[in-house]
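What follows is a short report on a single structure.
Every number here is computed from the coordinates shown, using simple stated rules; none is lab data. Source: prediction; values computed, not measured. Glycine gets a Cβ as well: all are built from the backbone with ideal geometry, and neighbour counts include every protein chain shown.
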Amino acid sequence: MLTKLIRSVQPLTLDLLDLNMAKKRIRIDMEDADGARYDIKLEGNVTRDKVLKIFEMMDLMNIEEEEEKSVKMDSIGSKIWHIVDKFFPMGKFTSTNILEKYEDEFNEPVKLSVISTYLSRFTSKGKVERIRTGREWTYQSIKITQKQQ
């Protein structure tokens, strides 16, 4: 898996909706699990489409690597993320949905509070977004996709 994804971005904040403005400079330094380093630099007229192409390339590199080795599910957090990724890659879900799928998939009990804690951590890491719906949170995976033109 790619680690150390974005080391420096200039300007400091990267707003994908705002990239059609003035000239910018973006530098992305990556290192994969084998220690190979990738340095990507975009300078000048950096557009949203160009940045999305870089993210797609990064995603392709990650997919190839995941196919080479099996996914380790030795922790509750990795099992919960597996459920999110497998059953809810684009749709919305609640912690109760994850609880049901978790118990069906792994045949082991888990407390709803544990799932809620991990989903909150995934939210903090930017993996999922959440919205308050009544008395509970509704979650959705954050995926960067390019609009088809």
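Net charge around T123, counting only other residues with Cβ within less than 10 Å of its Cβ (Lys, Arg = +1; Asp, Glu = -1)?
Every neighbour counted, the sum reads +3.
Exceeding 20 Å between C-alpha atoms, which entries from my cross-link table qualify? They are K53/K92; K86/K143; K24/K127; K111/K143; K92/K125.
K53/K92; K24/K127; K111/K143
Arranged by the count of other C-beta atoms within 10 angstrom, fewest first, what order do Y102, Y139 take?
Y102, Y139
Let me have the relative contact order for segment 76-141, percent, based on Cα pairs under 8 Å that are six or more residues apart.
Values: 65 pairs, mean separation 25.6, N = 66.
Answer for segment 76-141 is 39 percent.
Express in nm, to one decimal, how much length is gained between E136 and D59 on full extension, taking 0.36 nm for each residue of separation and deducting their alpha carbon distance.
Value of the extension gain: 24.6 nm.
Using only the Cα atoms of segment 76-141, construct the convex hull and provide its projected area averaged over every direction, in square nanometres to one decimal.
3.9
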